[in-house]
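Below: the structure, in structure tokens.
Only the coordinates and a few stated rules stand behind these numbers; no lab work does. Predicted model only: the values in this text are computed from it and were never measured. Cβ coordinates were reconstructed from backbone atoms using ideal geometry, including for glycine residues, and neighbour counts include every protein chain displayed.
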Amino acid sequence: MLPLMKTLSLAAMLLLAAGSACALAQAAASPSVPAPQAAAAPALKSWFVRLIPPRPTFDKDMTPAEQAVMEQHFIYWKGQFEKGVCVFGGPVLDPRGIFGVLAIQAASEDEARAIASADPSVKAGVNRIEVAEMRIAFLPKPRN
């Protein structure tokens, strides 16, 4: 059995040596060019967006034109939510006057302002925005 083990050991060493030689030959044949590295995406931060309507009674006395703009506003933010940009949002039914709140994710305040400013209701001049960095401490876990 000893001659068979020597033969198998020699065969294994030859295979390893052949594999190493092939790897060295391939490395020598192709110049060492580092693979392009993807630029690291900036870390996302959370931003609080307050949507300020034109008057405290806005939810009760919207004109048909304002209502049409607010429908586009809803569609826009629903799309941002589906893309994962908007974490949560909705109206605050404060008796002193309704307003909207949104939590969004963006790399910078400028990006957060750009996202919020693209809201059709803001572009149309119906609503104004305030933006501040926010640290979201609690979010519900999905229920099973």
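Looking only at region 82-99, which residues have a backbone nitrogen under 14 Å from a spot 7 Å from the Cα of Leu44 in the C-beta direction? So the set is 82-89. Residues Phe88, Phe48 in ascending order of nearby Cβ atoms (within 10 Å, fewest first): Phe88, Phe48.
Close amide H pairs (under 5 Å, H built 1.01 Å from N) link Phe99 with Val92, Asp94, residues at least 5 positions away or on another chain.
Neighbour counts of C-beta atoms inside 10 Å place Leu44, Leu102 in the sequence Leu44, Leu102, starting with the fewest. Ranked for footprinting exposure by Cβ neighbours inside 10 Å, fewest first, Met62, Met70 give Met62, Met70. Amide H to amide H, with H built 1.01 Å from N, Asn127 comes under 5 Å of Val122, counting only residues 5 or more places away or on other chains. The equivalent ellipsoid of region 45-134 has semi-axes of 21, 14, 11 Å, largest first, where each one is the square root of 5 times an eigenvalue of the Cα gyration tensor.
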